1. Given (1) among the charged types (D, E, K, R); (2) touching a helix residue (DSSP H, G or I) at 6+ places or on another chain (Cβ under 7 Å); (3) loosely packed, with under 12 Cβ neighbours inside 10 Å, identify the lone condition not met by Lys24.
2. Test Glu8 against the criterion of being surrounded by 12 or more Cβ atoms within 10 Å (Cβ to Cβ) and over 12 Å from the mean Cα position of the chain (by Cα), and give yes or no.
3. Report, ordered by the first and then the second residue, all pairs with beta carbons closer than 7 Å, sequence separation of six or more or different chains, a first member in segment 3-15 that is in contact (Cβ under 8 Å) with a residue 12 or more places away in the chain and within 18 Å of Ile72 (Cβ to Cβ), and a second member that is surrounded by 13 or more Cβ atoms within 10 Å (Cβ to Cβ) and not charged (D, E, K, R).
4. Looking at segment 35-87 only, could you name the residues that are among the acidic types (Asp, Glu) and either surrounded by fewer than 12 Cβ atoms within 10 Å (Cβ to Cβ) or not in a helix (DSSP H, G or I) (or both)?
5. Looking at (1) exposed (fewer than 14 other Cβ atoms within 10 Å of the Cβ); (2) aliphatic (A, V, I, L, M); (3) over 12 Å from the mean Cα position of the chain (by Cα), which one does Ala32 not meet, given that it meets all the others?
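Each reported figure results from applying straightforward, stated rules to the coordinates on display, with no laboratory input. Keep in mind that what you see is a predicted model, and the values were worked out from it rather than measured. With ideal geometry, Cβ positions are generated from the backbone for all residues, glycine too; neighbour counts draw on all protein chains shown.
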Amino acid sequence: MDCILLVELSREEVQTLAPGVAAKPGLALQFACGLVVDVVAQGWKLKAGRKQIQIRAPANEGETPEAIKCRIRPGHLLERDAQLRQTSGR
């Protein structure tokens, strides 16, 4: 499956975790899941074990600042597009 499509589907799934006016636990879960989706979209690695989940930042060693920007930019564009699709809460 295309990585961009997978991230978009994951974001949609996260939005369903706390529909409508959510209580604190629902918002906390939605926030945590959204955070994981966002950092994975920016190249971080997620590793689930039996008792813990590890999130590792991408290795920037040897990468130029421009290469780092190119890696991160698609994640920011996905977030922007997701926000533009949402209806205004006002």
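1. (2)
2. When the stated conditions are applied, Glu8 does not pass them.
3. Going by the 7 Å Cβ cut-off, the qualifying pairs are Ile4/Leu78; Val7/Val37; Val7/Ala41; Val7/Leu78; Glu8/Leu78; Ser10/Val37; Arg11/Val37; Arg11/Ala82.
4. Answer for segment 35-87, where residues must be among the acidic types (Asp, Glu) and either surrounded by fewer than 12 Cβ atoms within 10 Å (Cβ to Cβ) or not in a helix (DSSP H, G or I) (or both): Glu61, Glu63, Glu66.
5. Every condition holds for Ala32 apart from (3).
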